[in-house]
1. Which one of V108, V74 is surrounded by 13 or more Cβ atoms within 10 Å (Cβ to Cβ) and modelled with pLDDT of 95 or more?
2. Here are M177, M172: which of them is modelled with pLDDT under 95 and either in contact with a helix residue (DSSP H, G or I) (Cβ under 6 Å, 6 or more places away or on another chain) or hydrophobic (A, V, I, L, M, F, W, C) (or both)?
3. Within the set of pairs 6 or more residues apart or between chains, which connect a residue that is farther than 25 Å from D43 by Cα inside region 145-158 to a residue that is among the basic types (K, R) and surrounded by fewer than 17 Cβ atoms within 10 Å (Cβ to Cβ) with Cβ atoms less than 6 Å apart?
4. Mind listing just one residue for me: the one in region 159-189 that is in contact (Cβ under 8 Å) with a residue 12 or more places away in the chain and assigned to a loop (DSSP other than H, G, I, E, B) and, of those, farthest from K86 (Cα to Cα)?
5. Quick one: would you say E164 is surrounded by 21 or more Cβ atoms within 10 Å (Cβ to Cβ) and among the charged types (D, E, K, R)?
6. Has region 92-105 got at least one residue that is more than 25 Å from W69 (Cβ to Cβ), aromatic (F, W, Y) and out of contact with any strand residue (DSSP E or B) (no Cβ under 9 Å at 6 or more places or on another chain)?
7. Which residues, taken from region 146-161, are surrounded by 10 or more Cβ atoms within 10 Å (Cβ to Cβ) and of a type in the set (A, V, I, L, M)?
8. For region 129-163, which positions are hydroxyl-bearing (S, T, Y) and closer than 17 Å to A25 by Cβ?
Amino acid sequence: MIALALLSCKGKGGSGDSVENLQWAETDISELQMNPVDVFAKDWMALAAGSEASFNAMTISWGTLGELWNKPVVIVFVSPDRATKKFMDENKYFTVSSFPNAAKDALVYIGSKSYRDNPDKVADAGLHVEFSPLGNPLFKEAELSFECRKIYAEAFDPALLPEEVKPMYDKMAVHVMYIGEIVKVWEKR
């Protein structure tokens, strides 16, 4: 296990105040004890992509953890209507983070506000962003973060969707599936 001390950034997503060193520990994914269905569907996660210069985050409840092509992966789904899609397409990495229940209001906020209308929505939600050694956004308030290298992206084919799902897409574009190889798992110390 490797311990990592990160400094919170100032500006977007940060409080602007000096913040103490934050401790993360690199964890082996095989040591995690979690229900992957609950962590997405019940607890929600935050998907983030970008750099210190510009990043965005959104709440997700659709996703999965598993293995593909002999790699541990996270699979997430992003609507083309979301500003986060641009960040996912333009960056090689993304993060998926879980939070304690106390952060639920912040997740509601970043999931209901658009970066297009408010680039400071993460900070306005009361979340503080810090960056991994690879330069990817993590959250001070998170308990666990998967740092992923994007290895595949593809939009759903509307013709192949199950009949009961098709009405969901009558008024919106189909989601894009992003598969990310998990390159680091960070747990709060």
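1. Values: V108 fails: modelled with pLDDT of 95 or more.
Going through V108, V74 in turn, the sole match is V74.
2. On the way: M177 fails: modelled with pLDDT under 95.
Just one listed residue meets the conditions, M172.
3. none
4. Across region 159-189, the extreme among qualifying residues is R189.
5. Working: surrounded by 21 or more Cβ atoms within 10 Å (Cβ to Cβ): no; among the charged types (D, E, K, R): yes.
Spelling it out, it is not the case that E164 is surrounded by 21 or more Cβ atoms within 10 Å (Cβ to Cβ) and among the charged types (D, E, K, R).
6. Our first condition is that a residue be more than 25 Å from W69 (Cβ to Cβ); within region 92-105, this holds for 99-105.
Those still in the list that are aromatic (F, W, Y) too: 99.
Checking which are out of contact with any strand residue (DSSP E or B) (no Cβ under 9 Å at 6 or more places or on another chain) leaves us with none.
No, region 92-105 has no match at all.
7. Those that are surrounded by 10 or more Cβ atoms within 10 Å (Cβ to Cβ) and of a type in the set (A, V, I, L, M): I151, A153, A155, L161.
8. Taking region 129-163 first, the residues hydroxyl-bearing (S, T, Y) are 132, 145, 152.
Result: S132, S145.
The values are calculated or read from the model by the stated rules, or taken from the named source; none is laboratory data. Note that the structure is a prediction, hence the values are computed from the model and not measured. We place every Cβ from the backbone using ideal geometry, glycine too, and count neighbours over all the protein chains shown.
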